[in-house]
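Asker: The structure that follows is given in the form of structure tokens.
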Amino acid sequence: MTAPALRAAAPVKGTTPVTDPVSTAESVLAIDIGGTKLAAALVDEGGAVLRRAETPTPVARAEDDAAVAKALIALAEEVCGEVRPRAVGLASAGPLDLVAGTASPVNIPSWRAFPLRETVAGAFVGAETVMINDAVAAAVGEHWRGAGRGVEAMLGIVVSTGVGGGLVLDGRAYFGPTGNAGHFGHIPTDVEPGVCACGMAGCVEALASGPSMVRWAKQQGWRAQEPAADARILTQDARAGNTTALAAFDRAANALACGIVGAAALVDLDLVVIGGGVAAAGDLLLDPLRTHLARRATLGFVKRVRALTGTLGRDAGLIGAARCAQLAGGRA
């Protein structure tokens, strides 16, 4: 297991140091589980990240469902130290079963109906454990303390190892009956029939996730003989003007625009906030996205949708998970 990389959060104006027991007495443990990384943090009532850590998600055999859980619990315990959180906000890639408390993330093949809530609750006895889709958590975080403050209807999109989504409607997170509302990455597009990990063809994720962008670019000849070439290098090359790298971003943006137009037509969105590792490319993704949105949107209320990058970065899901735990405990 890779050792957790612990770092103190940057000082936040108006908060006391994490070593002060008063500052952590009402803190929530937030956990964010993705196919690439595991992250954990202590978050105060105002949404400030007091202490944070992350580690790569272990690559486990399909039959070894405990490997990721062990890494996750070790990371969370490292973050908490002597602090006993009053609640745990648990954000995970999906699909999820919120009734059973299980997770079957597409990008973590060793977890299929894994008892995630029970596992985490067992490690933090006495703390109320609330489970939520990771992309919904990121949307809640951006709506509460980030780029989506004050809007009524927002779609949050996470573009990373996969492509996830979360909805805020009428100012509140919308989970759906099973907790899986907002699976934006698995909306089919008309761009091209790329095969998705979920089994369908043409999904947004199959075209716009970081690995999908890299795979397509290599098929076009970009760094085809370099196994280590990833989305970060693709971004660097796109910034340097490489035509294939730029085409990969345009292709991904077109798929995202297709999904956004459909979502906006369905639920009448004010705003789309995009986060995740690929979104860190900024205008390399946003400029072609806005171009494709303008081309695809035909209805007036769809044309008004704005697209922005998130402001909370890698902390969006953690802050949103903490917020959901606060709301569930009646401490909003």
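The values are calculated or read from the model by the stated rules, or taken from the named source; none is laboratory data. Worth saying up front: this structure is predicted, and the values here are computed from it rather than measured. Neighbour counts run over all protein chains shown; Cβ positions are idealised from the backbone, glycine included. Side chains included, ligands, DNA and RNA excluded: accessible areas come from the protein's heavy atoms. Shrake-Rupley method; radii C 1.70, N 1.55, O 1.52, S 1.80 Å.
Asker: How big is the dipole moment of the range 254-332 about its Cα centre under a simple scheme where the beta carbon of each Lys and Arg is +1, that of each Asp and Glu is -1, and everything else is neutral? Debye, nearest 20, please.
Answerer: Here the size comes out at about 120 debye.
Asker: Reachable aspartates and glutamates from K70, Cα under 15 Å, same-chain residues fewer than 8 places away excluded?
Answerer: The reachable aspartates and glutamates, counting only those whose Cα sits under 15 Å from K70, are D32, E54, E78, E118.
Asker: A further question follows. Once a ≥ b ≥ c are taken as the square roots of the eigenvalues of the Cα gyration tensor of the range 227-308, is the result rounded (a/c under 1.5), prolate (a/b larger than b/c) or oblate (a/b not larger than b/c)?
Answerer: prolate
Asker: Under 18 Å Cα-Cα from K303, which aspartates and glutamates qualify once same-chain neighbours fewer than 8 residues away are excluded?
Answerer: Of all the aspartates and glutamates, those that pass the test against K303 - Cα under 18 Å, at least 8 places apart if same chain - are E152, D268, D270, D287.
Asker: Now for a different question. Report the residue, chosen from A48, A30, A100, that carries the largest GNM mean-square fluctuation when the chain is represented by alpha-carbon nodes joined by springs under 10 Å.
Answerer: A100
Asker: Here's another thing I want to ask about it. May I ask you to derive the FRET efficiency for A224 and T291 from their Cβ-Cβ distance with R0 = 25 Å, giving the value to the nearest 0.05?
Answerer: It comes out at approximately 0.35.
Asker: If you build a Gaussian network model of the chain, linking Cα atoms that sit under 10 Å apart, which residue out of P58, P227, P85 swings the most?
Answerer: Judging by the Gaussian network model, the answer is P227.
Asker: Right, another one. Multiply the residue separation of E128 and D283 by 0.36 nm, subtract the distance between their alpha-carbon atoms, and state the gained length in nm to one decimal.
Answerer: 51.8 nm
Asker: Can I ask one more? What accessible surface, in Å², does a 1.4 Å probe find on R295, ignoring ligands, DNA and RNA and rounding to the nearest 10?
Answerer: We get 140 Å² for R295.
Asker: Here are a few candidate values for Cα Rg over 2.2 N^0.38 Å: [x] 1.24; [y] 0.96; [z] 1.02. Which one was actually calculated from the structure I just gave you?
Answerer: Of the listed options [x] 1.24; [y] 0.96; [z] 1.02, [y] comes from this structure.
Asker: Taking only the alpha carbons of the range 123-272, what extent do you get along each of the three principal axes, in Å, biggest first?
Answerer: So the three principal-axis extents are 51, 42, 31 Å.
Asker: For the chain, which whole-number percentage of the solvent-accessible area (1.4 Å probe, protein heavy atoms only) is attributable to carbon and sulfur atoms?
Answerer: Looking at the chain in its full context, I get 55 percent from C and S.
Asker: Let me ask something additional. Looking only at D230, D270, D315, which one moves most when the chain is put into a Gaussian network model with springs between Cα atoms under 10 Å?
Answerer: The residue that fluctuates most here is D230.
Asker: I've got another one for you. Given only helices, namely DSSP H runs of n ≥ 4 each adding -39500 (n - 2.57), what is the per-residue ellipticity at 222 nm of the chain, to the nearest 500 deg cm²/dmol?
Answerer: Result for the chain, helices only: -11000 deg cm²/dmol.
Asker: Under a cut-off of 19 Å between alpha-carbon atoms, report the aspartates and glutamates in cross-link reach of K218, not counting same-chain residues fewer than 8 places apart.
Answerer: Within the straight-line limit of under 19 Å, K218 reaches these aspartates and glutamates: E192, E205, E226, D230, D237, D250.
Asker: Report the label-to-label distance for E192 and T243 in nanometres (one decimal), using points 7 Å from each Cα along the Cα→Cβ vector.
Answerer: Inter-label distance under the simple model: 1.6 nm.
Asker: Mind checking the per residue accessible area of the chain for me, 1.4 Å probe, whole number of Å²?
Answerer: So the chain comes to 43 Å² accessible per residue, rounded to a whole number.
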